[in-house]
Amino acid sequence: MNSSFGDHANTHILCAPSSFKTGKPNNSQRASIGFPIDAFNLKIGKNMNKRNHLLGGILSSFILSTNVAHAEMKQLSDDAYIHFSNGYSSLVVVGNDGVLVVDPAFTDRARTIKSDISGITDTKVTHVVLTHEHYDHVGGTEVFDGAEIVCHETCQKIFDLDVLGITPKKVTLPFADNLRIDLGGKIVELLHMGAGDGVSTTIVHVPEDKIVATADMSDPFALTRGSFIDDRNYLGVRKILNELSSWNYEHSITGHSDNTDPDALKANAEFVNDLYDAVKAELDAAMTEGGPGAAYQLLGGELQTKVKLPKYESWDGYNEHLSRHVWRMGMSILHGG
């Protein structure tokens with residue numbers, strides 16, 4: 001894919017188009033993740049994925065958000081960093097005229113990010129980009145006073161439904177298909193490729209630094225806990241991950257890990273393709289035998305236990321959550337969402 005958005009792209013602070021440069025993937029190891037939830041007798045082990053625990057992310061984000069644990073700011077390039085804390089990862093990009101932050105998640109975490117940025121640059125945060133509409137990613141924007149709140153145009157109507165006061169009051173810079181942001185000598189491109197995890201799914205791309213950032217569509221070498229994928233359109237996720245797998249980049253940020261190895265994202269794309277092939281084959285057979293009725297009966301019955309993907313047995317969450325991923329893929333294929 002050519003990362004230039006062309007003559008019709010929305011541009012925030014007009015700049016020249018840029019092309020996606022090639023880069024050699026690194027071989028970083030899987031992230032270690034922990035949560036400050038001892039008070040609830042809930043622990044996430046060193047090598048376990050964040051959402052393989054039902055309450056980990058929710059409790060750490062909203063109930064115990066005053067305790068920002070395991071905060072780390074890791075440099076990815078001259079001008080880009082990943083901030084990882086409480087099971088959430090945020091891309092930070094520094095330009096001459098502004099700083100961009102992705103998915104602050106909640107207020108106390110946003111304050112920690114802001115403090116960490118102050119140790120890198122005196123430049124003010126000018127843009128807070130939200131990768132999608134889910135509330136656990138979009139809190140804390142108020143910490144960055146005066147910054148543009150950037151989200152796909154579908155976000156605002158979903159934020160308007162918030163009854164707990166978690167979301168931003170207003171998306172100040174909505175966009176449709178794509179948006180290019182010039183931070184002063186540093187370009188960040190946003191691309192909406194359709195529904196993925198939610199409907200507002202946005203790819204954040206820093207072409208010069210060979211970085212892409214997404215959220216909630218993949219977990220490095222792990223199956224996301226089944227309870228967290230009910231809003232996942234697996235056909236959309238498959239489309240997006242396959243597209244990203246064709247790009248060349250050095251770092252891929254996935255939302256809930258400090259592992260930026262692009263091979264992890266590509267492995268998840270392979271898993272999704274294998275899942276699709278296995279589930280579709282079963283649904284095709286049911287459709288041939290008895291039409292949509294038989295396919296729905298299969299989806300609500302034995303499909304979840306029929307499909308096995310032994311290639312991924314070593315992945316975190318395989319035994320616990322594969323059946324739910326099978327069902328979710330089936331729903332996406334048969335029901336359209």
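The values are calculated or read from the model by the stated rules, or taken from the named source; none is laboratory data. Because the structure is a prediction, the values reported are computed rather than measured. Quick reminder, even Gly has a Cβ in these numbers, built from the backbone with ideal geometry, and neighbours come from all protein chains shown. Please note that ligands, DNA and RNA were not included when accessible areas were found on the heavy atoms of the full protein model with its side chains. Shrake-Rupley method; radii C 1.70, N 1.55, O 1.52, S 1.80 Å.
Numbers at a glance
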read-out: Cα-based radius of gyration of the range 106-157 once divided by 2.2 N^0.38 Å, which approximates compact folds; value: 1.17
read-out: Å² per residue, accessible surface of the range 171-274 at 1.4 Å; value: 23
read-out: The range 80-157 - charge dipole about Cα centre, Lys and Arg +1 at Cβ, Asp and Glu -1, debye rounded to 20; value: 120
read-out: Peptides ranked, highest mean first, by Cβ atoms within 10 Å: ranges 116-126, 142-152, 97-107, 192-202; value: 97-107, 192-202, 142-152, 116-126
read-out: Low-density loop positions, GluC sites (Glu not before Pro), the range 235-322 - DSSP coil, at most 15 other Cβ in 10 Å; value: Glu302, Glu313
read-out: Size of charge dipole - the range 282-337 - debye, nearest 20, with Cβ of Lys, Arg +1 and Asp, Glu -1, no other charges; value: 80
read-out: 5 angstrom amide H check on Val199, placed H, neighbours 5+ away; value: Glu133
read-out: Rounded to the nearest 20 debye, dipole of the range 217-337 from Cβ charges on Lys, Arg, Asp, Glu; value: 320
read-out: Loop sites in the range 237-310: trypsin sites (Lys or Arg not before Pro), DSSP, at most 13 other Cβ within 10 Å; value: Lys308
read-out: Links that overshoot a 18 Å alpha carbon limit, given the list Lys114/Lys157; Lys74/Lys114; Lys280/Lys308; Lys74/Lys266; Lys210/Lys311; Lys239/Lys266; value: Lys114/Lys157; Lys74/Lys266; Lys210/Lys311
read-out: Spherically averaged projected area in nm², based on the convex hull that wraps the Cα atoms of the range 114-240; value: 9.0
